[in-house]
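The values are calculated or read from the model by the stated rules, or taken from the named source; none is laboratory data. Remember, predicted model here, so these are calculated numbers, not experimental data. When we count neighbours, we look across all protein chains shown, and the Cβ atoms used for this are built from the backbone with ideal geometry, even at glycine.
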Amino acid sequence: MRVALIVFVFFIGLQRLEAQTYSIIDSRAIKLHEQGDDLVKSRMYDEAIEKYKASIQREANFLESYIKWGRLLLTKGNHEEALAVVNRGEARASKASGKIKADFSWLKLNIYLGQGEFEKAVAEFETARQLLDEGFKKSIDYNQIKDQIEFVSKNIENKLFIYKEKLPDPINSYTLQYFPVLTADSKKLLFTKRDGIENHQTEDIFVSFYDEETGWSKPAGISDRINTFYNEGTCTISADGNILIYTSCDAPDSFGSCDLYVAYKVNGQWQKSQNMGKNVNSRSWDSQPSLSADGRILFFSSNRRGGYGGNDIWYSLRMPDGSWAEAKNLGSVINTEKDEVSPFIYFNNEILFFASNGHQGFGGMDLFVSRVEKGEFTKPENLGYPINDHKDQFSLFITAQRDYAYYTESNYNQGKVERSFLYRFKFPEEIALGEKLVVSQGKVLNGKTGQPIDAKLSLVSLSNDSTMYQFRSDGKTGEFMMIYPDRSFSGLYVEKKGYLPKIYNVERDNLKNQENLEISLTPIASGEEFVFENIFFDFDKDELKPESKSSLLRLLEFLKENPSVRIQITGHTDNVGTQTYNQSLSQRRAESVKNFLLSKGIPETRLKAEGRGDAEPIRPNDTPENRALNRRITISIL
């Protein structure tokens, strides 16, 4: 994707040069010049350039032809050649009118911006400002450049220090590779691969795996079930690597030119992908997806009707039954009348990166960031220099570890992509990414047989009972990978129909950054018991605190899913206080849990409450931590 330099730089001054006397009087040179003007109106730029060159060959001091020749070269993206032409003409303009000098300066300013020579552009703007007439200074064109110069000047003074490095072999071994994404552990890299720019050279999704000793493996196609004779690319993957969404163009079941497709990994194998349907796709271009870490929110770019102009960023929510809700436009805070593309929602689900040429930037497509505050995205901020420069920046991906940002960099020739490569740089600490993220990995197994289990793992904020992330373990291996913010007050719920749930307190149970966490689920059977974590009481009280809601609701759901199950709710205390008092307190606390379930419609015949005081400690009552573990509620199957 290459966004052409803003074409108004060609037309600025064009109208100002019409119906005027020229700097020379040679009629044949003037005729050649005006023939060039006619060719420009027909967009025959190369032919027009030849006419301007011919007029200069006849009259070397034809300053207006230098200006129009240079302007056309700038429009075509030939910055160096354009600057050489301008310098040749400007060298002959020492005695020219102020208007001609202003045109040369204004053109040179735009060339410097196109080259990324920002310090020279800032200096040239000061020269041009003194030469331009007051009428032009009131124009939209002038004020857009003025705003850009002010923006550029501020940003180069606050330059970020980054080092961009090309990914090593065997990555970058193809003609084109772009749109990199990684799983949460940064050990699996996916990207779009293409062998060339010809129509017969289609896109495919390739994957490479990282090993600490050997580095990146040789990339290979992700799966024959996903890569086909059609174009597959610009993909996104859930943090655990089990949900893949990608773009496919011109497939037989597509709604428009390019559609989004989803594939799920089951028992270690990618299943056949499916078109995401009319709720997500349209008759227009739908592409460049970004899936939230837990796979519940999809962002993508589309030029469908109902947007603000050009390409906009849209989003869709994954429903509890696995379907996707009707896509909605992200709104005018993010989207403009120009293009917003390549969204990337960071792993914490609260920071959105995207590329745009509609917000203030350095030129072309720049990368921006917007943060969620009070449920709304904030005004986008430019990521600054030199992350952004005069080229097009897009397809940014930042690792969960916050160490590196990956992106695509392309080589152009005559405005067309010749090669594109994958790069990375250490992500600057000056750009805040919110709370530190925690990655936990392990397996869910049957506690009786040791066999792997396909279970649901939900990370829940205990303060407001909101599900922050939801993952599944692999049915073939039992393996799972979770990522979540480093928040102390959260619970992990591991659930599978037919099994007792497993409930953790993330901080107290020390789950953070575990690499081999083994979770055993016990099949429902009489006499089986589990600790009912995340049930909270104030000191010496029996009223359930609001933070208990998450666990209470899951116990309620467990009883509804298993209508024949009867349970005993048992309260336990530490050894602080008399045995008689502790017995009474534990009984009252068990009754509080029972009463909640009764209030939600569970028959009393299915519930029994008992208090055992400090009679059955699971740890010695010798430290505050151990006493906290002994203060608990357990659930037993009757």
Checklist entry - So is ILE197 farther than 30 Å from ILE243 by Cβ, aliphatic (A, V, I, L, M) and in the same structural domain as CYS249 (by TED's automatic domain parsing) or not? => result yes
Checklist entry - Scanning segment 141-176 for residues that are among the aliphatic types (A, V, I, L, M) and in contact with a Lys or Arg (Cβ under 8 Å, 6 or more places away or on another chain), which turns out nearest to GLN201 (Cα to Cα)? => result LEU176
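Within segment 239-255, can you find the residues that are part of a loop (DSSP other than H, G, I, E, B), without any contact (Cβ under 8 Å) to a residue 60 or more places away in the chain and in contact with a strand residue (DSSP E or B) (Cβ under 6 Å, 6 or more places away or on another chain)?
ASP253
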Next on the checklist: I'm told PHE480 meets every condition in (1) outside the structural domain of SER592 (by TED's automatic domain parsing); (2) more than 19 Å from LEU437 (Cβ to Cβ); (3) touching a strand residue (DSSP E or B) at 6+ places or on another chain (Cβ under 9 Å) except one. Can you identify the failing condition by its number?
Outcome noted: (2)
Next on the checklist: Can you tell me which of (1) under 46 Å from the mean Cα position of the chain (by Cα); (2) outside any loop (DSSP other than H, G, I, E, B); (3) modelled with pLDDT of 95 or more; (4) among the small types (Gly, Ala, Ser) is the one SER550 doesn't meet?
Outcome noted: (3)
Item to check | Every residue from segment 205-221 that is assigned to a loop (DSSP other than H, G, I, E, B) and either in contact with a Pro (Cβ under 8 Å, 6 or more places away or on another chain) or among the polar types (S, T, N, Q) (or both) | outcome: THR214, SER217, LYS218, PRO219
Checklist entry - Conditions: (1) surrounded by 18 or more Cβ atoms within 10 Å (Cβ to Cβ); (2) in contact with a Gly (Cβ under 6 Å, 6 or more places away or on another chain). LEU511 meets all but one. Number of the miss? => result (2)
Checklist entry - With respect to ALA293, is the statement that it is under 14 Å from the mean Cα position of the chain (by Cα), in a loop (DSSP other than H, G, I, E, B) and in contact (Cβ under 8 Å) with a residue 12 or more places away in the chain true? => result yes
Checklist entry - Taking segment 74-92 as the search range and keeping residues that are surrounded by fewer than 19 Cβ atoms within 10 Å (Cβ to Cβ) and more than 19 Å from ASP46 (Cβ to Cβ), which one is farthest from the chain's Cα centre (by Cα)? => result ARG92
Checklist entry - Does any residue of segment 422-434 turn out to be closer than 30 Å to ASN505 by Cα and either in contact with a Pro (Cβ under 7 Å, 6 or more places away or on another chain) or in contact (Cβ under 8 Å) with a residue 40 or more places away in the chain (or both)? => result yes
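Among the residues of segment 239-285, count how many are of a type in the set (Gly, Ala, Ser) and more than 19 Å from ILE313 (Cα to Cα).
Counting residues in segment 239-285 that are of a type in the set (Gly, Ala, Ser) and more than 19 Å from ILE313 (Cα to Cα) gives 7.
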Checklist entry - In this structure, does ALA54 turn out to be buried (at least 20 other Cβ atoms within 10 Å of the Cβ), in the same structural domain as ILE25 (by TED's automatic domain parsing) and at pLDDT 95 or above? => result no
Checklist entry - Under the condition of being of a type in the set (Phe, Trp, Tyr) and not in a strand (DSSP E or B), which residue from segment 482-537 is farthest from THR570 (Cα to Cα)? => result PHE489
Checklist entry - Which of the residues that make up segment 150-196 are assigned to a loop (DSSP other than H, G, I, E, B) and hydrophobic (A, V, I, L, M, F, W, C)? => result LEU160, PHE161, ILE162, LEU167, ILE171, ALA184
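Scan segment 566-596 for residues that are out of contact with any strand residue (DSSP E or B) (no Cβ under 6 Å at 6 or more places or on another chain) and in a helix (DSSP H, G or I) and jot them down.
Matches in segment 566-596: GLN579, THR580, TYR581, ASN582, SER584, LEU585, ARG588, ASN595, PHE596.
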Item to check | Sole exception among (1) hydrophobic (A, V, I, L, M, F, W, C); (2) in a loop (DSSP other than H, G, I, E, B); (3) closer than 28 Å to LYS456 by Cα for LEU298, by number | outcome: (2)
Checklist entry - Among the residues of segment 260-276 satisfying the criterion of being hydroxyl-bearing (Ser, Thr, Tyr) and part of a strand (DSSP E or B), which is modelled with the lowest pLDDT? => result TYR264
Checklist outcome for this item: In segment 468-490, anything touching a residue at least 60 places away in the same chain (Cβ under 8 Å) and more than 26 Å from the chain's Cα centre (by Cα) is listed as GLY475, LYS476, THR477
Next on the checklist: Checking the condition farther than 17 Å from ILE226 by Cα and among the hydroxyl-bearing types (Ser, Thr, Tyr), which residue from SER287, SER301 passes?
Outcome noted: SER301
Checklist entry - Of the residues VAL460, VAL444, VAL417, which single one is in a strand (DSSP E or B), closer than 15 Å to LEU517 by Cα and either in contact with a strand residue (DSSP E or B) (Cβ under 9 Å, 6 or more places away or on another chain) or at pLDDT 85 or above (or both)? => result VAL444
Checklist entry - Could we say that SER592 is at pLDDT 95 or above, in contact with a Leu (Cβ under 6 Å, 6 or more places away or on another chain) and of a type in the set (Gly, Ala, Ser) here? => result yes
Checklist entry - So which residues in segment 213-238 are surrounded by fewer than 23 Cβ atoms within 10 Å (Cβ to Cβ), touching a residue at least 40 places away in the same chain (Cβ under 8 Å) and polar (S, T, N, Q)? => result SER217, SER223
